[in-house]
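The values are calculated or read from the model by the stated rules, or taken from the named source; none is laboratory data. This structure is a prediction, so every number in the text was calculated from the model and none was measured. Please note: Cβ atoms are built from the backbone with ideal geometry, for glycine as well, and neighbour counts cover all protein chains shown. To get the accessible areas, we keep the full protein, side chains included, count just its heavy atoms, and leave off ligands, DNA and RNA. Shrake-Rupley method; radii C 1.70, N 1.55, O 1.52, S 1.80 Å.
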Amino acid sequence: MIVKTYGAALEGIDALCICVETSIETGVNFMLVGLPDSAVKESHYRIATALEHYGYKIPVKKIVINMAPADMRKEGSAYDLTLAMGILAASGQLPQDAGTPSVQEYMMMGELSLDGRLQPVKGTLPFALEAKRQGFKGIILPLKNAAEAAMVRDIPVYAAENLKQVVDFFAGKEALRPFEAPVAEEVSETTDVPDFCEVKGQSFCKRALEITAAGGHNILMIGPPGSGKTMLARRLAGILPPLTLEEALETTKIYSVSGHLLQTRRLMTQRPFRDPHHTISYAALVGGGPYPQPGEISLAHNGVLFLDELPEFARSTLEVLRQPLEDRKISICRAKMRVEYPAGFMLVASMNPCPCGYYNSPDKPCTCKPNEISRYMGKISGPLMDRIDMQVQVLPVPYKDLASDAVSEKSAVIRARVVEARRRQSARCAAAGDGFVWKPQRETRPNRK
């Protein structure tokens, strides 16, 4: 008897439906085919122990399980539930009567613990989108993943705590209710980003960051230590326009497939701000690994990527940014696969003007030799600098400004001007007849001669 159950595999930030075909015949063997990785192959032991916990068993017969399409690599432990239900149905331990739900009508994903509990998995938002696209009656997931998947409308999400609940659901003994979690029409405002009113002085740099936010430009701040470069950069996300629902869902998908989505957060409601340490590898920055995962530039999609102390990053790491800054996406190629992740981020970088940090400082003398300064600035290649639209000098704040009681503009006031500027850009481009709707992107400048 052959039984089909369905799961999904991640391909970039999207999912692809996987058909798990289970055949049980006379003999003694267990074969799992279809390019499963080690975690999928090990599911046999988890499934056997979980089934025994509830009084079921893997029959001592010839069991062949094919995961189609067979030429696509299957990764992770999220197929435990799909495989277990296929074995139960094919062995007759889960009768499929006319009045009960069919295992072929639902997508199922979840990792099994040895006592049969369902553990959360990553990528449930793309899984739910694929289940909706394929026309399944619903998707069954671990309870901790239900809120994330419920962001997808018009597809019931059934949350289960253990394997027994799923078996009883298909046997008609217990009804799983769809998880109720409606998605808001609009994404809430940013609330926990530091405010610009906390920054004393630096009106020139604040204006530069406002222009950066309005035009989606990349910016490099050059100045001595203590001048406030990092403090300014961390407040940039607070003046960016709110995420649209489409942008929020796209950003949430990236965090979902990377496993960074917090259990307490269903939808990414504010623009990402990523600030990796300068010791980061190029693979961690752009994504990759044996089983490709999104890197920092993709986690900063629709938000800000802040690189502090830019010359301290490895030159090979910085050079891989050149293509993503142009194409706003990153393609990761392997011998048998190719995945693509979005990378529409704003690059914000800061650096000292010289090794000691005080070149052109009004307060402290520079102790560096001219060739040392030249060598230090030369760590940033010309092609990369050409992709940074704005380069601003940041000077230390005078004492009188630090001691002043004057109140600076709040981020909300600056943000309102940024939102209005982007609205005018959209209206101007729409009037030109190109149907353009503004999204953050770098403007192409004419070649300099």
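Based on the alpha carbon coordinates of segment 33-175, what radius of gyration and maximum Cα-Cα distance (Dmax) apply, in Å?
Rg, Dmax (Cα atoms, Å): 14.3, 42.
At a 1.4 Å probe, what is the % contribution of carbon and sulfur to the accessible area of the chain?
Summing carbon and sulfur atoms, their accessible area is 52 percent of the total for the chain.
When 1/r is averaged over all different Cα pairs and the result inverted, which Kirkwood radius in Å belongs to segment 1-111?
Taking every pair of different Cα atoms in segment 1-111, averaging 1/r and inverting gives 14.1 Å.
Averaged per residue, what accessible surface does the chain expose to a 1.4 Å probe, in Å²?
I get 48 Å² per residue for the chain.
Quick one, what does Rg over Rh come out to for the chain if you take C-alpha atoms and the Kirkwood Rh?
1.08
If you take every DSSP beta bridge whose two residues both sit in the chain, what share of them, in percent to the nearest 5, is antiparallel?
Bridges in the chain that DSSP calls antiparallel: roughly 50 percent.
Net charge near residue 290: determine it from the other residues with C-beta under 14 Å of the C-beta of residue 290, scoring Lys and Arg +1 and Asp and Glu -1.
+1
What angle, in degrees between 0 and 90 and rounded to the nearest 10, separates the Cα long axis of helix 43-53 from the longest principal axis of the Cα atoms of the chain?
60 degrees
Starting from segment 254-314, pick out the trypsin sites (Lys or Arg not before Pro) whose DSSP state is loop and whose Cβ has at most 16 other Cβ atoms within 10 Å. Numbers along the way, then the final one.
Working: sites: 265, 266, 274; in loops: 265, 266.
Qualifying residues, ordered by number: 265.
Place +1 on the Cβ of every Lys and Arg and -1 on the Cβ of every Asp and Glu in segment 333-408, take the dipole about the Cα centre, and give the residue among 384, 361, 406 whose Cα lies farthest towards its positive end.
Value computed over the given set: 384.
Springs between alpha-carbon pairs under 10 angstrom, Gaussian network model over the chain: which of 272, 101, 241 fluctuates most?
Ranking 272, 101, 241 by mean-square fluctuation puts 101 first.
Could you rank 217, 260 by how accessible they are, 1.4 Å probe, largest area first?
260, 217
For the chain, what is the calculated [θ] at 222 nm in deg cm²/dmol (nearest 500), taking -39500 (n - 2.57) for each run of four or more DSSP H residues and dividing by its residue count?
-8500 deg cm²/dmol
I'd like the Kirkwood hydrodynamic radius of segment 335-386, using the inverse of the mean 1/r over distinct C-alpha pairs, in Å.
Roughly 14.2 Å, rounded to one decimal.
When the Cα atoms of segment 103-167 are enclosed in a convex hull and the volume is divided per residue, what value in Å³ results? Walk me through the intermediate numbers first.
Values: hull volume 4.4 nm³, N = 65.
Considering the Cα atoms of segment 103-167, their hull volume per residue is 68 Å³.
Take the Cβ-Cβ distance between residue 312 and residue 338 as r, set R0 to 25 Å, and report the resulting FRET efficiency rounded to the nearest 0.05.
For residue 312 and residue 338, the calculated efficiency is 0.20.
If I fit a long axis through the Cα atoms of helix 245-258 and take the longest principal axis of the Cα atoms of the chain, what angle between them do I get, 0 to 90°, rounded to 10?
For 245-258 against the chain, the angle is about 70 degrees.
Work out the FRET efficiency for residue 93 and residue 244 from their Cβ-Cβ distance, taking R0 = 30 Å, and round it to the nearest 0.05.
0.05
Counting every Cα pair in segment 225-381, what percent are over 21 Å apart?
On the way: 6380 of 12246 pairs.
When every Cα pair of segment 225-381 is considered, 52 percent fall beyond 21 Å.
Calculate, in nm to one decimal, what residue 102 and residue 379 gain on full extension: separation in residues at 0.36 nm each, minus their alpha carbon distance.
93.6 nm
Which of the residue pairs 62/132; 206/369; 137/164; 62/122 have a Cα-Cα distance greater than 25 Å in the structure shown?
62/132; 206/369; 62/122
Would you mind getting me the FRET efficiency between residue 174 and residue 430? Use the beta-carbon distance for r and R0 = 45 Å, nearest 0.05.
0.25
Points 7 angstrom from Cα along the Cβ direction at residue 198 and residue 403: gap in nanometres?
Result for the modelled spin labels: 2.4 nm.
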